[in-house]
Structure formats: structure tokens, C-alpha cells
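Just below is one structure, and these are the notes that go with it.
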Amino acid sequence: MSPDDTWEQADLFQRLAVFAPKGRTSCCFVTVKRLIPRVENVTELVEGTFLGLPEGEGEADVSILSVPYELTTSYGQGTHAGPEATIIASAQVELYDPLLPEDLPCGFTLHTAKPWDGEGATLQEQLSGITDYVSHYLTSFPVILGGEHGMLPAIMDAISKQVDLTNLTVVQIDAHADLRDELEGDPHSHACAVRRTLDLGVGKILQIGIRAFAREEAEFSRDDARVDSWLARDILNPCGGEANWKNWLKTINEIEGPVWLTLDIDGLDPAYVPTTGTPVPGGLAFWQVVETIEMIATAPNAHWIGADVNEIAPDLSNHVTEFTAAMLATKIVAAHLARKLEGGK
Ligand SMILES: [Mn+2]
């Protein structure tokens with residue numbers, strides 16, 4: 001095998017450069033395959049699909065959508081590259097989940113959709129393009145990778161053709177309330193995403209992880225019965241935090257009717273998502289997000305219809321951000337499929 005072949009092969013998995021001793025210009029590359037065998041009959045990772053799995057046949061149970069939308073991000077940049085980076089990172093996520101009797105896809109059909117094309121000369125055209133794109137995948141359980149949180153109203157617009165939004169509960173994990181009426185004159189800013197979904201008619205918002213918000217948002221949340229805000233400080237406080245956390249889980253468990261999860265990864269502490277658009281200290285632990293996901297899936301009277309994972313800006317130095325996003329997207333898929341196996345909706 002020539003050195004070029006070795007390099008090409010290494011590209012499929014992981015590359016480890018072993019630099020030659022001082023004074024020599026050449027170097028060799030060693031292929032490092034996954035240490036744990038993957039699903040039966042799957043001998044190698046498929047590039048560009050979620051979890052590196054081959055495309056399933058027939059109607060999809062779960063569709064992984066990519067919305068590389070970034071127009072209004074106010075601080076860090078790079079969320080347009082989030083979906084692709086997350087799909088690449090997902091190839092490194094384990095296929096075993098304790099919730100499932102077999103490894104993913106566990107007999108189900110997963111479909112990785114082509115990304116949204118990004119076309120549209122104006123913001124409005126782009127948002128309606130996202131609505132159209134999402135509309136094509138609603139017969140399955142969509143997991144939408146973003147992209148900035150400003151895409152949420154466009155997603156809700158698509159959902160509204162199937163679900164009466166006034167019956168919908170949106171569970172929002174986020175550092176920010178996203179309840180501003182406008183930011184710097186822009187009503188479509190990601191900082192206004194949840195306020196716009198209320199304008200569209202969404203009946204209930206349960207938001208958690210909130211810790212960077214404006215007086216306007218605090219007052220809006222206090223005065224509007226549709227919004228329940230759970231502040232990160234109240235959840236994580238060593239004195240009383242545990243009781244508040246249990247109360248949150250109980251609230252999720254009692255959801256009735258259709259539910260959508262919108263997971264802005266900045267809801268997590270920046271240790272897990274260092275390169276997200278607006279990292280804010282004092283955020284949720286990884287396991288708190290996992291527990292919330294599992295609780296949505298098992299809520300007895302809820303019908304979980306889909307999720308988005310947004311504000312993923314790739315971490316070029318060590319991939320922590322997109323790997324966190326990939327693990328959580330996988331948990332969403334596994335928790336949904338486990339519920340489906342039990343005969344739930
Ligand atoms: Mn947000």
C-alpha cells in the first residue's frame with residue numbers, strides 16, 4: 001500500500017500524524033479505526049450521514065435536517081457551518097443507548113436529508129424557504145440541526161399545517177429567553193425567536209437554563225401566562241436547586257398534547273459548547289439536558305413531534321461543541337425511538 005492509499009484510508013476514520021524524528025522531512029500516518037464494532041454488517045462509516053449509518057430504505061421514522069441559516073447572529077459567527085460539523089461529529093457517537101434493546105438504528109429507518117438550499121434574496125424569502133424545506137419531512141420525526149435560533153418561527157410555521165399551535169407546548173433549553181420584541185430594530189433576530197412563535201399562536205413555552213435576559217423579557221415572562229421561565233440560577237443553586245430541578249421534571253412529565261423541543265445549545269454551560277454563538281457562564285449540565293430529553297419522551301400524555309438543535313458553531317480546535325450537539329441529537333433520536341417501541345406516539 002502506498003503512502004497515498006494510507007492517507008486516503010485514514011481520511012475515512014481518523015488521522016493521527018506521527019512526526020518523524022528531527023532532521024527528517026517525511027512523516028507517516030496511522031489509521032485509527034473505532035475501537036468498538038458498529039452495527040452488524042456495517043463495516044465502515046458512511047460519509048455525510050447522521051451517525052455514519054447507511055441510508056435506510058422505505059419511509060423514514062426519523063429525518064435529520066440541516067438548516068445552515070445564519071443572518072442575525074449578534075456576537076460569535078459560524079452557526080451556518082454547524083449542521084455539517086455535527087453530522088461529521090456524529091460518526092464518532094456510540095450507537096449503543098441504554099434506552100434501546102439494540103444499537104441504533106434499532107430496526108428503524110433514519111434519513112439524513114439534503115441541507116436546506118439557503119436560497120432567498122430577502123430574510124422573508126429565506127424563512128419561507130426553511131418552512132417549505134421542513135414541511136417535506138413532517139411525516140417522520142424531524143430533528144433539525146441549525147443554524148441560528150432565528151429559524152424557529154419558520155419551523156413553527158411548517159408545524160402549523162399539521163398541528164394547532166395553540167395546543168403545542170414548546171420546551172426551550174436556552175441561556176436566553178428570546179422574548180424580545182425586536183433587537184436593534186430587527187423583529188426576526190434570534191433574540192426574538194420565541195416571541196415570534198407566540199405571535200404565530202404557540203400555546204405554551206416552558207423555558208429552562210435562562211440566565212442572560214433583558215428587563216423587557218423578565219416582565220413579559222412574568223405577565224404572560226403562556227410563558228414559564230426556569231432560571232439557571234434557581235436550578236443550579238446549591239441551596240434549593242434540587243427541589244426546583246425536580247419541579248421542572250414534574251412539569252415536563254405533566255405536558256399534555258403535542259410538544260416540540262427547541263434546544264439552543266448555549267443553554268448548556270460553555271464548558272460543553274465553547275464556540276456557540278453566545279456562550280454564557282453558569283449554564284445547565286450535560287446530564288440535565290439529557291434528563292429533560294428523556295422526560296419529554298416518556299411524558300405519558302405528551303405527543304413529541306420533533307426537535308431542533310441550534311446555534312451550533314463548530315469548534316475548530318477540539319470539536320467539543322459539535323460533538324456535544326451530535327450526542328444530544330442522538331439522545332433525542334434514541335429517546336423518541338424508545339417511546340415508539342413501547343407503542344407511544
Ligand atoms: Mn436562543
message: Within the range 88-96, does at least one residue satisfy the condition of being among the hydrophobic types (A, V, I, L, M, F, W, C) and more than 16 Å from the chain's Cα centre (by Cα)?
response: yes
message: Just to be sure before I move on: is Leu263 touching a Ser or Thr at 6+ places or on another chain (Cβ under 8 Å), within 22 Å of Ala177 (Cβ to Cβ) and either in contact (Cβ under 8 Å) with a residue 40 or more places away in the chain or aliphatic (A, V, I, L, M) (or both) in the structure I sent?
response: no
Residue identified as of a type in the set (A, V, I, L, M, F, W, C) and closer than 18 Å to Pro54 by Cβ among Ala91, Ala85, Ala81: Ala91
statement: Counted residues in the range 185-209 being outside any loop (DSSP other than H, G, I, E, B) and within 13 Å of the ligand (Cβ to nearest atom) come to 12
query: Right, Ile144: in contact with a strand residue (DSSP E or B) (Cβ under 7 Å, 6 or more places away or on another chain) and under 26 Å from Leu337 (Cβ atoms) or not?
result: yes
- prompt: Quick one: in the range 300-323, which of the residues that are within 16 Å of the ligand (Cβ to nearest atom) and either of a type in the set (Ser, Thr, Tyr) or in a loop (DSSP other than H, G, I, E, B) (or both) is surrounded by the most Cβ atoms within 10 Å (Cβ to Cβ)?
  reply: Ile312
task: Would you check if there is a residue in the range 328-345 being polar (S, T, N, Q), more than 16 Å from the ligand (Cβ to nearest atom), at pLDDT 95 or above and within 11 Å of the chain's Cα centre (by Cα)?
output: yes
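The values are calculated or read from the model by the stated rules, or taken from the named source; none is laboratory data. What you see is a predicted model; the values in this text were computed from it and never measured. All Cβ positions, glycine included, derive from the backbone under ideal geometry; neighbour counts span all protein chains shown.
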